[in-house]
Each structure stands twice: as C-alpha cells, then as structure tokens.
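Structure first, then comments.
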Amino acid sequence: MEFTTRSAAELIELENQHGAHNYHPLPVVLSEGKGVHVWDVDGKRYYDFLSAYSAVNQGHGHPRIVDALIRQSLRLSLTSRAFYNDRLGVYEAFITEYFGYDKVLPMNTGAEAVETAIKLCRKWAYERKGIAENQAKIVVCEQNFHGRTTTIVSFSVDPDAYGHYGPYTPGFVVIPYNDVDALREVLENEPDVAGFLVEPIQGEAGARVPGEGYLSACHALCKHYNVLFMADEVQTGLARTGRLLACDHEEVRPDILILGKALSGGVYPVSAVLADNEYMEVFKPGQHGSTFGGNPVAAAVAVAALEVLREERLAENAQQMGEYFRGEMEQLCQESPVAVAVRGKGLLNALIVNNHDKKDLAWDICLRMADHGLLAKPTHTNIIRFAPPLIITREEMKECIAIIRQCVR
C-alpha cells in the first residue's frame, strides 16, 4: 500500500486551518479502505463499524461497483437532463422493478431526496387531495434526522441542527416517535395533513427502534385519512436492518420511498425517490430537477450496488450477524456497569453507556476502541453506534466483539 508522506497531525491541522469546523471527527486519518477494513496514513488497520453512516453497506471498494464507476466514467459521465442518455432509462426500469414502484425521481444526496419527497407530497396535496394552497401540513417525529437543509432543520428538535438558522419553513407538525395515538390525534383534528414523514428506525438518535406494529399502524392511519406515508430509508434501507427495507419487517409499502447512501455502495452520491404514477405524475417538466440527478455514472453505479445487495444476500447476513452481535452485547450489559443496554435491528445497532460520572465516557470508549483497531462514533453523548459493512463474517464479528468487550470492561 502507498501512504501519504504527510503525518496524521499535519493532515488534521490542514483541515482545522482551511475547513469549516462543522464536524468533530475521531482523531484518525484514513487513507484506504477494502471490505470491512480501513487503513490510516501510518498503515494501521481498523474494522470500520460506522460504514460512513451506512453508505458502505457493500463494503469499501467493492470491485463490481468500482468497476461500474470506472467504466462509465471513461465513457460518459454527465449530460444533464437536457438530453437523454443510454444509462438512465435502464437504471429507472431496474430500480422501479427492484422495489415495485411505477416511477423514480433520481437525485444525488439524502437531503435532496427528502426535499424532493416533501415537494412531491405538497404538490399532490394541492393538486389531487384538494388542500387549499399553502395550507398543507406534514407530520414528522421528534428526534428525527432527515438532513441539514433549511427546510429540514425547520422541523428538527436538536438545537445544534436548527439554532440560528431561522426564519424557519412552516407547515410541519412534530409529534413523539413511536406513538401511534399522537399521529391519530393529529390526523383526527388537522384537516390539512398531506403526509407523514418517518424513519423506520431513527439512526442519528441512536438506533431507536419503534415498538412492534408501530409502522403498520401508522401506515393504516395514513391510508384511512388519505395521507401519504413517506419512509426515509436513506440510512435504514438497502439491507442494513436485515431486510431490503426496514419497512419490510412490518410489510409496509410506503407511498413515497426515500433512498440514498448505500444506493451507490459509498463510491458516489446517489439518491432516489420512488412512488407510483398517481403521486409522481404531479411533477411536470421544469418543476423539479437536478443537473447531476440521474447522471450516467450514478445510474451505472446504482444498478451494480443493488445487484450486489441481492446476489450476495447481504440482508440475510445482516440479520444473522445482528442477532449474534446483540446477543453478545446483552451479555456484556449484564457483566458491566458501564454498558446499560443494546438496541437495534440487523446491523444497525447502538450501545447505551452509563456516563453519569463521566460525560465523555462514550467518546473515550471510542478512542480506546480505535487504539485496538475498531472505529465507531458516539451520538447524543452516551450512545455508541455500531454499523459495520454488511459483508462482515462471523469470525470477523467475533474478533470485533472481543475488542468492544475489552474496551468497555
């Protein structure tokens, strides 16, 4: 392997001097990745237990996905949507058949896809449901994380996300997560609700898994009140939770499905919004778009990424490895006063840490794990997320569990 001649300290200082300070990374400078592993600039190898927030479900540098990226880049990278190209229609036919929807609207990032879904929902509400102009409301959940655009942070409850970014976009009703009655109350009393936007599992909030039946009950309420059920599966989708979509655990088919991250296997920004004709056809030429959305490279990469998920049976592996991991973590919680509880589904999991005596305990545990060759990151002070690539084997998982045990105990 070839590594940069600059030291980790020099590279960190470059970011500190010349980059905006809008992230707080672990002090590890990575230079290469392959499969479930990444290497730092000094050549030290780590297990990646974050997977770029579930963008690298297929593993770092998957040869089939990278090959699709290279081959298409050499041939044709971008046309904009001013013209047709020979990749987009093939991709659109593939992904709509793959997930069982009539139409797809291709975008680039997860936040763009969420914004697209919001626009689609509102436009449908005015043109098809008959809600008066500028009166449509969308119901969202507390502790949500759907992105960082001005509209999206307008319905965040995290002061770091929304603080000093106002004035905020109106038209959102925030209710508690995992509370069917709260949704029912809004739908019974608010006549202008257009949609319900929800993460099937709240990722940024620390893998908060709702109670069994929550999604199906909310979906049924939306159907009853003619409200669009919008599932943000940017982080929870694409085999991460042990099924192709997290909604599949309750056999819920969203009216609007939002995808991103692992849709490219982490090698390129690709996102998508899927819906049937009765919703998607409210968009007419010139009413929404993106210069890069649906570009030939994205189309080729996304097809390869989705083929890898299915052919390598990554949902099945995520289910099996997740059950194994949570079982071991539950045992650790019984043995250690530091580990309080584990929660999650598939390979999207979180360990809750008892940090009453030491505020930065979760951070310190992550630093210790990095010393021992495993990378994870805390969220909300006392929660450590664990989300390795879905290709991880049982032997690799066993080794990682031993590292986590050692560092926590």
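What follows is calculated from the coordinates using simple rules that are stated; it is not laboratory data. Please read all numbers here as calculations on a predicted model, not as lab measurements. All Cβ positions, glycine included, derive from the backbone under ideal geometry; neighbour counts span all protein chains shown.
Please list, in order, the residues from the stretch 219-253 whose amide nitrogen is less than 16 Å from a point placed 7 Å along the Cα→Cβ vector of T169.
Within reach of a label on T169, which here means backbone N under 16 Å from a point 7 Å along Cα→Cβ, the stretch 219-253 contributes 230-232.
Let me test this: with uniform point scatterers at the alpha carbons of the chain, what is the Debye-based log₁₀ I(q)/I(0) at q = 0.10, 0.14, 0.15 1/Å?
-0.70, -1.36, -1.51
Using only Cα atoms, find the angle between the long axis of helix 394-408 and the longest principal axis of the chain, and express it within 0 to 90 degrees, rounded to the nearest 10.
Orientation of helix 394-408: about 70 degrees from the principal axis.
Going by how many other Cβ atoms sit within 10 Å of their own, how do F99, F229 line up, fewest first?
Listed from fewest to most nearby Cβ atoms, that is F99, F229.
How far is helix 314-335 tilted, in degrees, relative to the longest principal axis of the Cα atoms in the chain, given as a value from 0 to 90 rounded to the nearest 10?
Around 60 degrees separate the two axes.
Which shape class applies to the stretch 210-342: rounded if a/c is under 1.5, otherwise prolate when a/b exceeds b/c and oblate if not, where a ≥ b ≥ c are the square roots of the Cα gyration tensor eigenvalues?
Judged from the Cα gyration tensor, the stretch 210-342 comes out oblate (a/c at least 1.5, b/c at or above a/b).
I want the local charge near E316. Using Cβ-Cβ distances under 15 Å, sum +1 for each Lys or Arg and -1 for each Asp or Glu among the other residues.
Residues close to E316 contribute a combined charge of +2.
Would any residue of the stretch 206-220 have its amide N under 15 Å from a label point 7 Å out along Cα→Cβ of E251? List them or say none.
Label zone hits: 213-217, 219-220.
Using the count of nearby Cβ atoms within 10 Å as a rough guide to exposure, how do D67, D255 rank from fewest to most?
Fewest to most other Cβ atoms nearby, the residues stand as D67, D255.
With axes computed from alpha carbons, what is the tilt in degrees of helix 63-75 against the longest principal axis of the chain, rounded to the nearest 10 within 0 to 90?
Helix 63-75 sits roughly 60 degrees off the main axis of the chain.
Just from its helices, what would the mean residue ellipticity at 222 nm be for the chain, if runs of 4 or more DSSP H residues each count -39500 (n - 2.57) and the sum is divided by every residue, rounded to the nearest 500 deg cm²/dmol?
-11000 deg cm²/dmol
Give me the distance in nm between label points sitting 7 Å out from Cα along the Cα-to-Cβ direction at R75 and N134, one decimal.
For R75 paired with N134, the spin-label model returns 4.9 nm.
At a Förster distance of 25 Å, what's the computed FRET efficiency of H224 paired with E97, Cβ-Cβ distance as r, to 0.05?
The formula returns an efficiency of 0.30 here.
For H21, H372, what ranking results if the residue with the fewest other Cβ atoms within 10 Å of its Cβ goes first?
H21, H372
What is the extension gain from T291 to E13, computed as 0.36 nm multiplied by their sequence separation minus the C-alpha to C-alpha distance, in nm to one decimal?
Separation in residues times 0.36 nm, less the Cα-Cα distance, equals 96.7 nm.
What does the net charge come to around A113 if you take all other residues with beta carbon closer than 12 Å to its beta carbon, with K and R at +1 and D and E at -1?
-2
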